[in-house]
Amino acid sequence: MKNIFDVYEKYKDSGIRTDFISHQQITKTINKLDKNFFEISLIGNSIKGKDIYSIKFGKGKTKILAWSQMHGDEPTATSALFDLFNFFSTDDEFNEIKKEILEELEIHIIPMLNPDGAEVYKRENSFNIDLNRDAVLLQSDESNILWKYSQKLKPDFAFNLHDQNSYYAVGRSNKTAAVSFLAPPLDYSKSINYTREKSMQVIALLNDFLSQFVNGHIARYKDDFEPRAFGDNLMKSGISTILIESGYFPKDENKDFIRKLNFISILYSLQIISRREYQNIFYGKYFDIPENNELFFDLVLRNLTLNFNYRKFIIDIGIKRSKKFNVTSKTFYYESKISAIGDLSIYYGLEEFDLTNHEILFEENFAVDSDANFIIYKNELPIIEIKNGFLIKKE
(Lines give C-alpha, C1' and ligand atoms only; values in the text may rest on other atoms or scores of the structure.)
Protein backbone atom coordinates (compact mmCIF):
# COMPACT_ATOMS: atom_id res chain seq x y z
CA MET A 1 0.00 0.00 0.00
CA LYS A 2 2.98 2.31 0.60
CA ASN A 3 3.87 1.91 -3.10
CA ILE A 4 0.40 3.12 -4.09
CA PHE A 5 0.80 6.16 -1.86
CA ASP A 6 4.10 6.96 -3.58
CA VAL A 7 2.51 6.95 -7.07
CA TYR A 8 -0.76 8.59 -6.02
CA GLU A 9 -0.36 11.43 -8.54
CA LYS A 10 -1.18 9.16 -11.45
CA TYR A 11 -4.63 8.52 -9.97
CA LYS A 12 -5.35 12.08 -8.92
CA ASP A 13 -8.13 13.57 -11.02
CA SER A 14 -6.53 16.81 -12.20
CA GLY A 15 -9.88 18.10 -13.42
CA ILE A 16 -11.30 18.27 -9.88
CA ARG A 17 -10.22 20.91 -7.41
CA THR A 18 -9.62 19.88 -3.83
CA ASP A 19 -11.00 23.05 -2.25
CA PHE A 20 -14.17 23.52 -4.30
CA ILE A 21 -16.21 21.17 -6.49
CA SER A 22 -19.37 22.15 -8.31
CA HIS A 23 -22.29 19.81 -8.87
CA GLN A 24 -21.93 20.34 -12.61
CA GLN A 25 -18.32 19.22 -12.38
CA ILE A 26 -19.02 15.97 -10.56
CA THR A 27 -21.96 15.20 -12.85
CA LYS A 28 -19.70 15.61 -15.85
CA THR A 29 -17.03 13.40 -14.26
CA ILE A 30 -19.52 10.73 -13.22
CA ASN A 31 -20.86 10.56 -16.79
CA LYS A 32 -17.33 9.82 -18.01
CA LEU A 33 -16.93 6.76 -15.77
CA ASP A 34 -16.81 3.35 -17.44
CA LYS A 35 -20.41 2.09 -17.33
CA ASN A 36 -19.17 -1.48 -17.78
CA PHE A 37 -17.28 -1.24 -14.50
CA PHE A 38 -19.26 1.25 -12.42
CA GLU A 39 -23.01 1.00 -11.89
CA ILE A 40 -24.30 4.57 -11.68
CA SER A 41 -27.74 5.22 -10.20
CA LEU A 42 -29.71 8.40 -9.71
CA ILE A 43 -30.99 7.92 -6.17
CA GLY A 44 -32.81 11.21 -5.66
CA ASN A 45 -32.65 14.97 -5.84
CA SER A 46 -31.73 17.80 -3.53
CA ILE A 47 -34.27 20.37 -2.34
CA LYS A 48 -33.37 22.51 -5.38
CA GLY A 49 -33.61 19.54 -7.72
CA LYS A 50 -29.94 18.67 -8.21
CA ASP A 51 -29.26 14.99 -8.95
CA ILE A 52 -27.71 12.84 -6.23
CA TYR A 53 -25.92 9.72 -7.45
CA SER A 54 -24.76 6.39 -6.12
CA ILE A 55 -21.77 4.68 -7.73
CA LYS A 56 -21.48 0.93 -7.19
CA PHE A 57 -18.61 -1.42 -8.03
CA GLY A 58 -17.32 -4.76 -6.80
CA LYS A 59 -19.12 -8.10 -6.54
CA GLY A 60 -18.32 -9.34 -3.04
CA LYS A 61 -20.64 -10.28 -0.21
CA THR A 62 -19.37 -7.65 2.24
CA LYS A 63 -21.10 -4.34 1.59
CA ILE A 64 -19.52 -0.92 2.00
CA LEU A 65 -21.26 2.47 1.91
CA ALA A 66 -19.38 5.77 1.82
CA TRP A 67 -20.70 9.29 1.36
CA SER A 68 -19.09 12.70 1.24
CA GLN A 69 -20.02 16.35 1.46
CA MET A 70 -23.17 16.09 3.54
CA HIS A 71 -21.74 19.44 4.64
CA GLY A 72 -21.40 21.51 1.50
CA ASP A 73 -18.21 23.29 2.59
CA GLU A 74 -16.31 20.03 3.20
CA PRO A 75 -15.16 18.88 -0.26
CA THR A 76 -11.80 17.19 0.43
CA ALA A 77 -13.13 13.62 0.56
CA THR A 78 -15.26 14.14 -2.55
CA SER A 79 -12.16 14.82 -4.64
CA ALA A 80 -10.41 11.81 -3.05
CA LEU A 81 -13.31 9.54 -4.00
CA PHE A 82 -12.88 10.42 -7.66
CA ASP A 83 -9.17 9.62 -7.32
CA LEU A 84 -10.29 6.27 -5.93
CA PHE A 85 -12.50 5.68 -8.99
CA ASN A 86 -9.44 6.35 -11.17
CA PHE A 87 -7.39 3.83 -9.18
CA PHE A 88 -9.90 1.02 -9.60
CA SER A 89 -10.39 1.69 -13.30
CA THR A 90 -6.66 1.82 -14.12
CA ASP A 91 -4.87 -1.23 -15.50
CA ASP A 92 -1.46 -1.34 -13.78
CA GLU A 93 0.86 -3.20 -11.42
CA PHE A 94 -1.68 -3.06 -8.58
CA ASN A 95 -4.32 -5.13 -10.34
CA GLU A 96 -4.02 -7.97 -7.82
CA ILE A 97 -4.89 -5.66 -4.93
CA LYS A 98 -7.89 -4.33 -6.86
CA LYS A 99 -9.04 -7.82 -7.79
CA GLU A 100 -8.82 -8.97 -4.19
CA ILE A 101 -10.91 -6.03 -2.95
CA LEU A 102 -13.49 -6.21 -5.74
CA GLU A 103 -14.06 -9.95 -5.28
CA GLU A 104 -14.70 -9.55 -1.55
CA LEU A 105 -16.53 -6.22 -1.37
CA GLU A 106 -19.55 -4.55 -2.94
CA ILE A 107 -18.81 -0.82 -2.68
CA HIS A 108 -21.44 1.93 -2.82
CA ILE A 109 -20.35 5.58 -2.88
CA ILE A 110 -22.52 8.70 -2.71
CA PRO A 111 -20.34 11.69 -3.58
CA MET A 112 -21.74 15.10 -2.69
CA LEU A 113 -24.86 14.36 -0.69
CA ASN A 114 -25.51 18.10 -0.30
CA PRO A 115 -25.09 19.63 -3.78
CA ASP A 116 -27.09 22.77 -2.92
CA GLY A 117 -24.78 23.61 -0.03
CA ALA A 118 -21.71 22.67 -2.07
CA GLU A 119 -22.67 25.08 -4.84
CA VAL A 120 -22.41 28.09 -2.49
CA TYR A 121 -19.82 26.53 -0.17
CA LYS A 122 -21.87 26.41 3.00
CA ARG A 123 -22.35 23.72 5.61
CA GLU A 124 -26.12 23.42 5.50
CA ASN A 125 -28.54 22.58 2.68
CA SER A 126 -30.62 25.12 0.75
CA PHE A 127 -32.94 25.93 3.66
CA ASN A 128 -30.14 25.94 6.23
CA ILE A 129 -30.62 22.48 7.75
CA ASP A 130 -27.49 20.67 8.90
CA LEU A 131 -27.99 17.24 7.34
CA ASN A 132 -25.89 15.63 10.05
CA ARG A 133 -28.42 16.80 12.62
CA ASP A 134 -31.39 15.48 10.67
CA ALA A 135 -31.01 11.71 11.00
CA VAL A 136 -34.08 11.39 13.22
CA LEU A 137 -36.66 13.85 11.88
CA LEU A 138 -35.45 13.43 8.27
CA GLN A 139 -36.98 16.72 7.18
CA SER A 140 -34.56 17.23 4.30
CA ASP A 141 -34.79 15.35 1.02
CA GLU A 142 -31.05 14.71 1.16
CA SER A 143 -31.27 13.20 4.65
CA ASN A 144 -34.08 10.91 3.53
CA ILE A 145 -32.04 9.74 0.56
CA LEU A 146 -29.07 8.72 2.71
CA TRP A 147 -31.12 7.08 5.45
CA LYS A 148 -33.32 5.06 3.07
CA TYR A 149 -30.33 3.98 1.01
CA SER A 150 -28.41 2.83 4.07
CA GLN A 151 -31.34 0.94 5.56
CA LYS A 152 -32.12 -0.81 2.28
CA LEU A 153 -28.47 -1.72 1.66
CA LYS A 154 -27.62 -2.55 5.29
CA PRO A 155 -23.87 -2.31 4.67
CA ASP A 156 -21.38 -4.04 6.90
CA PHE A 157 -19.35 -0.83 7.12
CA ALA A 158 -20.20 2.82 6.46
CA PHE A 159 -17.73 5.69 5.96
CA ASN A 160 -18.94 9.17 6.89
CA LEU A 161 -16.47 11.61 5.28
CA HIS A 162 -16.00 15.16 6.57
CA ASP A 163 -13.60 18.09 6.88
CA GLN A 164 -12.62 19.75 10.14
CA ASN A 165 -10.95 23.13 10.57
CA SER A 166 -7.27 23.80 11.20
CA TYR A 167 -7.64 24.59 14.91
CA TYR A 168 -7.58 21.01 16.22
CA ALA A 169 -4.48 19.62 17.90
CA VAL A 170 -3.54 16.01 18.60
CA GLY A 171 -4.13 15.69 22.33
CA ARG A 172 -2.58 18.76 23.94
CA SER A 173 0.43 18.76 21.62
CA ASN A 174 1.49 21.44 19.16
CA LYS A 175 0.78 19.11 16.24
CA THR A 176 -2.25 19.74 14.09
CA ALA A 177 -4.74 16.93 13.50
CA ALA A 178 -4.20 16.05 9.85
CA VAL A 179 -6.88 13.39 10.13
CA SER A 180 -9.26 12.47 12.94
CA PHE A 181 -11.24 9.26 13.30
CA LEU A 182 -14.35 8.37 15.25
CA ALA A 183 -16.30 5.22 15.95
CA PRO A 184 -19.58 7.00 16.81
CA PRO A 185 -21.19 6.05 20.13
CA LEU A 186 -24.51 4.26 20.49
CA ASP A 187 -25.75 6.19 23.48
CA TYR A 188 -24.83 8.74 26.14
CA SER A 189 -23.00 6.01 28.06
CA LYS A 190 -20.74 5.43 25.05
CA SER A 191 -21.48 1.71 25.12
CA ILE A 192 -19.41 -0.69 23.05
CA ASN A 193 -21.09 -3.56 21.24
CA TYR A 194 -19.78 -5.72 18.42
CA THR A 195 -20.93 -3.22 15.78
CA ARG A 196 -18.95 -0.38 17.31
CA GLU A 197 -16.06 -2.66 18.19
CA LYS A 198 -15.48 -3.45 14.49
CA SER A 199 -15.26 0.26 13.68
CA MET A 200 -12.71 0.71 16.44
CA GLN A 201 -10.64 -2.18 15.12
CA VAL A 202 -10.51 -0.71 11.61
CA ILE A 203 -9.57 2.72 12.99
CA ALA A 204 -6.80 1.22 15.14
CA LEU A 205 -5.26 -0.35 12.04
CA LEU A 206 -5.70 2.89 10.11
CA ASN A 207 -3.83 4.76 12.81
CA ASP A 208 -0.91 2.34 12.64
CA PHE A 209 -0.80 2.50 8.87
CA LEU A 210 -1.05 6.28 8.48
CA SER A 211 1.59 6.93 11.12
CA GLN A 212 4.28 6.22 8.53
CA PHE A 213 3.09 9.28 6.57
CA VAL A 214 1.92 11.71 9.26
CA ASN A 215 3.32 10.43 12.53
CA GLY A 216 1.95 12.42 15.45
CA HIS A 217 -0.72 14.14 13.35
CA ILE A 218 -3.53 11.59 13.85
CA ALA A 219 -6.28 12.18 16.40
CA ARG A 220 -9.48 10.65 17.71
CA TYR A 221 -12.57 12.82 17.43
CA LYS A 222 -14.39 13.33 20.72
CA ASP A 223 -17.04 10.65 21.06
CA ASP A 224 -19.82 12.65 22.69
CA PHE A 225 -23.15 11.09 21.75
CA GLU A 226 -25.20 13.17 19.31
CA PRO A 227 -28.69 11.60 19.05
CA ARG A 228 -29.51 13.51 15.84
CA ALA A 229 -26.37 12.56 13.89
CA PHE A 230 -26.14 9.96 11.14
CA GLY A 231 -23.07 8.16 12.46
CA ASP A 232 -24.63 7.59 15.88
CA ASN A 233 -27.94 6.42 14.43
CA LEU A 234 -26.37 4.16 11.82
CA MET A 235 -24.28 2.55 14.53
CA LYS A 236 -27.46 2.04 16.58
CA SER A 237 -29.08 0.40 13.55
CA GLY A 238 -26.31 -2.22 13.38
CA ILE A 239 -24.02 -0.64 10.75
CA SER A 240 -20.35 -0.30 11.75
CA THR A 241 -19.67 3.36 10.99
CA ILE A 242 -16.34 5.16 10.67
CA LEU A 243 -16.10 8.94 10.67
CA ILE A 244 -13.07 10.41 8.90
CA GLU A 245 -12.36 14.11 9.44
CA SER A 246 -9.95 15.75 6.99
CA GLY A 247 -7.99 18.22 9.09
CA TYR A 248 -4.93 20.37 8.52
CA PHE A 249 -1.30 19.60 7.77
CA PRO A 250 1.33 22.39 7.85
CA LYS A 251 1.83 24.21 4.54
CA ASP A 252 -1.05 22.34 2.90
CA GLU A 253 -3.45 25.26 2.54
CA ASN A 254 -5.46 23.75 -0.35
CA LYS A 255 -5.53 20.36 1.43
CA ASP A 256 -4.03 18.47 -1.53
CA PHE A 257 -1.92 16.37 0.83
CA ILE A 258 -4.95 15.73 3.04
CA ARG A 259 -6.80 14.64 -0.11
CA LYS A 260 -4.01 12.12 -0.70
CA LEU A 261 -4.36 10.89 2.89
CA ASN A 262 -8.11 10.44 2.33
CA PHE A 263 -7.46 8.39 -0.79
CA ILE A 264 -5.02 6.04 0.89
CA SER A 265 -7.10 5.83 4.10
CA ILE A 266 -10.21 4.68 2.26
CA LEU A 267 -8.24 2.30 0.03
CA TYR A 268 -6.41 0.75 2.98
CA SER A 269 -9.70 0.39 4.85
CA LEU A 270 -11.17 -1.50 1.91
CA GLN A 271 -8.18 -3.80 1.85
CA ILE A 272 -8.20 -4.69 5.55
CA ILE A 273 -11.97 -5.18 5.49
CA SER A 274 -11.71 -7.44 2.43
CA ARG A 275 -9.04 -9.49 4.23
CA ARG A 276 -10.85 -9.24 7.60
CA GLU A 277 -7.54 -8.20 9.14
CA TYR A 278 -9.34 -5.94 11.60
CA GLN A 279 -10.49 -9.07 13.47
CA ASN A 280 -6.93 -9.67 14.63
CA ILE A 281 -6.46 -6.39 16.52
CA PHE A 282 -7.69 -5.51 20.00
CA TYR A 283 -10.34 -2.80 19.75
CA GLY A 284 -8.93 -1.09 22.85
CA LYS A 285 -6.02 0.22 20.75
CA TYR A 286 -8.55 2.71 19.41
CA PHE A 287 -8.33 4.54 22.74
CA ASP A 288 -4.55 4.86 22.39
CA ILE A 289 -5.18 7.51 19.72
CA PRO A 290 -5.13 10.95 21.40
CA GLU A 291 -8.36 12.94 21.36
CA ASN A 292 -8.29 16.14 19.37
CA ASN A 293 -8.59 19.48 21.13
CA GLU A 294 -9.20 22.93 19.70
CA LEU A 295 -5.88 24.53 20.67
CA PHE A 296 -4.78 26.45 17.57
CA PHE A 297 -5.19 29.97 16.27
CA ASP A 298 -4.16 31.02 12.79
CA LEU A 299 -1.87 33.62 14.34
CA VAL A 300 -0.64 34.18 17.90
CA LEU A 301 1.10 37.42 18.85
CA ARG A 302 2.96 36.78 22.09
CA ASN A 303 4.33 38.97 24.90
CA LEU A 304 2.88 42.28 23.82
CA THR A 305 3.07 45.21 26.23
CA LEU A 306 -0.30 46.79 26.92
CA ASN A 307 -0.22 50.31 28.36
CA PHE A 308 -3.54 50.93 30.03
CA ASN A 309 -4.63 53.29 32.79
CA TYR A 310 -0.99 54.13 33.63
CA ARG A 311 -0.10 50.46 34.07
CA LYS A 312 1.67 47.91 31.91
CA PHE A 313 0.40 44.41 31.18
CA ILE A 314 1.94 41.59 29.12
CA ILE A 315 -0.65 39.90 26.91
CA ASP A 316 -1.00 37.52 23.99
CA ILE A 317 -3.41 37.96 21.11
CA GLY A 318 -4.98 35.03 19.25
CA ILE A 319 -6.32 35.68 15.77
CA LYS A 320 -8.48 33.41 13.64
CA ARG A 321 -9.34 33.86 10.01
CA SER A 322 -12.61 32.87 8.40
CA LYS A 323 -12.68 31.47 4.89
CA LYS A 324 -15.07 33.34 2.62
CA PHE A 325 -16.32 32.16 -0.76
CA ASN A 326 -17.02 34.40 -3.73
CA VAL A 327 -19.95 32.67 -5.45
CA THR A 328 -19.41 34.55 -8.73
CA SER A 329 -15.68 33.90 -9.20
CA LYS A 330 -15.63 30.57 -7.29
CA THR A 331 -12.59 31.79 -5.38
CA PHE A 332 -11.76 32.21 -1.71
CA TYR A 333 -10.61 35.08 0.44
CA TYR A 334 -10.02 35.41 4.17
CA GLU A 335 -11.08 37.77 6.91
CA SER A 336 -9.09 37.74 10.15
CA LYS A 337 -10.42 38.67 13.56
CA ILE A 338 -9.20 38.79 17.13
CA SER A 339 -10.46 35.69 18.87
CA ALA A 340 -8.80 35.90 22.28
CA ILE A 341 -6.71 38.32 24.38
CA GLY A 342 -4.74 37.47 27.51
CA ASP A 343 -2.68 34.48 28.62
CA LEU A 344 -2.64 32.12 25.62
CA SER A 345 0.24 29.99 26.86
CA ILE A 346 -1.76 26.76 26.55
CA TYR A 347 -2.57 27.48 22.89
CA TYR A 348 -0.55 27.41 19.69
CA GLY A 349 -0.48 29.42 16.49
CA LEU A 350 -0.17 28.02 13.01
CA GLU A 351 2.00 31.11 12.76
CA GLU A 352 3.51 32.87 15.80
CA PHE A 353 5.43 36.06 16.51
CA ASP A 354 7.23 36.91 19.74
CA LEU A 355 6.55 40.64 20.11
CA THR A 356 8.52 41.26 23.28
CA ASN A 357 9.24 45.02 23.53
CA HIS A 358 6.36 45.83 21.20
CA GLU A 359 3.67 48.08 22.58
CA ILE A 360 -0.01 48.49 21.85
CA LEU A 361 -1.14 52.07 21.26
CA PHE A 362 -4.85 52.75 21.20
CA GLU A 363 -6.75 55.16 19.01
CA GLU A 364 -9.76 55.04 21.32
CA ASN A 365 -10.60 53.74 24.77
CA PHE A 366 -9.62 50.11 25.14
CA ALA A 367 -12.33 47.45 25.21
CA VAL A 368 -11.41 43.79 25.60
CA ASP A 369 -13.46 42.47 22.73
CA SER A 370 -13.08 41.68 19.07
CA ASP A 371 -13.83 45.26 18.05
CA ALA A 372 -10.85 46.81 19.82
CA ASN A 373 -8.92 49.22 17.58
CA PHE A 374 -5.17 49.37 18.08
CA ILE A 375 -1.81 49.42 16.38
CA ILE A 376 1.26 47.47 17.48
CA TYR A 377 4.44 49.52 17.36
CA LYS A 378 8.16 48.98 17.61
CA ASN A 379 10.51 51.95 17.20
CA GLU A 380 7.51 54.03 16.18
CA LEU A 381 6.94 51.96 13.04
CA PRO A 382 3.61 50.10 12.86
CA ILE A 383 4.07 46.44 11.98
CA ILE A 384 0.53 45.17 12.50
CA GLU A 385 -2.68 47.12 12.37
CA ILE A 386 -5.99 45.89 13.70
CA LYS A 387 -9.09 47.84 12.74
CA ASN A 388 -12.57 46.86 13.88
CA GLY A 389 -11.31 43.43 14.76
CA PHE A 390 -9.69 42.77 11.38
CA LEU A 391 -5.98 42.28 10.90
CA ILE A 392 -3.70 43.86 8.33
CA LYS A 393 -0.08 42.72 8.33
CA LYS A 394 2.39 45.42 7.31
CA GLU A 395 5.20 44.57 4.93
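The values are calculated or read from the model by the stated rules, or taken from the named source; none is laboratory data. Since this is a predicted model, take the numbers as computed values, not measurements. Using ideal geometry, Cβ is built from the backbone for each residue, glycine included, and neighbour counts are taken over all protein chains shown.
When residue 63 is tested against the conditions (1) touching a strand residue (DSSP E or B) at 6+ places or on another chain (Cβ under 6 Å); (2) on the phi > 0 side of the Ramachandran plot; (3) of a type outside the set (A, V, I, L, M), the lone failure is (2).
Each row is one residue, and each column tells you yes or no for (1) aliphatic (A, V, I, L, M); (2) under 21 Å from the mean Cα position of the chain (by Cα); (3) assigned by TED's automatic domain parsing to the domain that holds residue 274.
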site: 7; (1), (2), (3): yes, no, yes
site: 12; (1), (2), (3): no, yes, yes
site: 23; (1), (2), (3): no, yes, yes
site: 31; (1), (2), (3): no, no, yes
site: 35; (1), (2), (3): no, no, yes
site: 39; (1), (2), (3): no, no, yes
site: 61; (1), (2), (3): no, no, yes
site: 71; (1), (2), (3): no, yes, yes
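For the range 59-71, the set of residues classified as of a type in the set (Gly, Ala, Ser) and surrounded by 23 or more Cβ atoms within 10 Å (Cβ to Cβ) consists of 66, 68, listed by residue number. Here are the criteria: (1) in contact (Cβ under 8 Å) with a residue 60 or more places away in the chain; (2) out of contact with any strand residue (DSSP E or B) (no Cβ under 8 Å at 6 or more places or on another chain); (3) more than 21 Å from residue 74 (Cα to Cα); (4) hydrophobic (A, V, I, L, M, F, W, C). Tell me which single one residue 287 does not satisfy. It is condition (2) that residue 287 fails. Scanning the range 198-249 for residues that are acidic (Asp, Glu) and in contact with an Asp or Glu (Cβ under 9 Å, 6 or more places away or on another chain) yields 223, 226, 232, 245. With the structure loaded, tell me whether residue 126 is small (Gly, Ala, Ser), touching a residue at least 12 places away in the same chain (Cβ under 8 Å), out of contact with any strand residue (DSSP E or B) (no Cβ under 9 Å at 6 or more places or on another chain) and surrounded by fewer than 22 Cβ atoms within 10 Å (Cβ to Cβ) or whether it fails that test. When the stated conditions are applied, residue 126 passes them. Only one entry of 192, 239 meets the criterion of being of a type in the set (Val, Ile, Thr), over 18 Å from the mean Cα position of the chain (by Cα) and more than 26 Å from residue 111 (Cβ to Cβ), and that entry is 192.
Every residue, every condition in (1) closer than 14 Å to residue 167 by Cα; (2) in contact (Cβ under 8 Å) with a residue 40 or more places away in the chain, yes or no:
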| site | (1), (2) |
| --- | --- |
| 206 | no, yes |
| 212 | no, yes |
| 219 | yes, yes |
| 227 | no, yes |
| 233 | no, yes |
| 240 | no, yes |
| 248 | yes, yes |
| 253 | yes, no |
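In the set 52, 47, 101, 26, only one residue is in a strand (DSSP E or B) and either touching a Ser or Thr at 6+ places or on another chain (Cβ under 9 Å) or over 19 Å from residue 263 (Cα atoms) (or both); that residue is 52.
Looking at the range 334-389, the strands (runs of 3 or more DSSP E) lying wholly inside it that each contain 2 or more residues that are within 17 Å of residue 299 (Cβ to Cβ) and either in contact with a strand residue (DSSP E or B) (Cβ under 6 Å, 6 or more places away or on another chain) or modelled with pLDDT of 70 or more (or both) sit at 348-354, 374-378, 381-387. Among the residues of the range 187-224, the ones that are surrounded by 16 or more Cβ atoms within 10 Å (Cβ to Cβ), modelled with pLDDT of 95 or more and not in a strand (DSSP E or B) come to 20 in all.
Yes or no, residue by residue, for (1) β-branched (Val, Ile, Thr); (2) at pLDDT below 90; (3) over 16 Å from residue 163 (Cβ atoms):
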| site | (1), (2), (3) |
| --- | --- |
| 299 | no, no, yes |
| 308 | no, yes, yes |
| 314 | yes, no, yes |
| 330 | no, no, yes |
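Name the single residue that is surrounded by the fewest Cβ atoms within 10 Å (Cβ to Cβ) among those in the range 78-90 being out of contact with any Lys or Arg (no Cβ under 7 Å at 6 or more places or on another chain) and either over 20 Å from residue 260 (Cα atoms) or of a type in the set (A, V, I, L, M) (or both). If we take residues in the range 78-90 being out of contact with any Lys or Arg (no Cβ under 7 Å at 6 or more places or on another chain) and either over 20 Å from residue 260 (Cα atoms) or of a type in the set (A, V, I, L, M) (or both), then 84 is surrounded by the fewest Cβ atoms within 10 Å (Cβ to Cβ). Taking the listed residues 151, 139, the one that is surrounded by fewer than 24 Cβ atoms within 10 Å (Cβ to Cβ) and not in a helix (DSSP H, G or I) is 139, with no other qualifying. Number of residues in the range 74-98 that are acidic (Asp, Glu) and either assigned to a helix (DSSP H, G or I) or touching a Gly at 6+ places or on another chain (Cβ under 7 Å) (or both): the value is 2.
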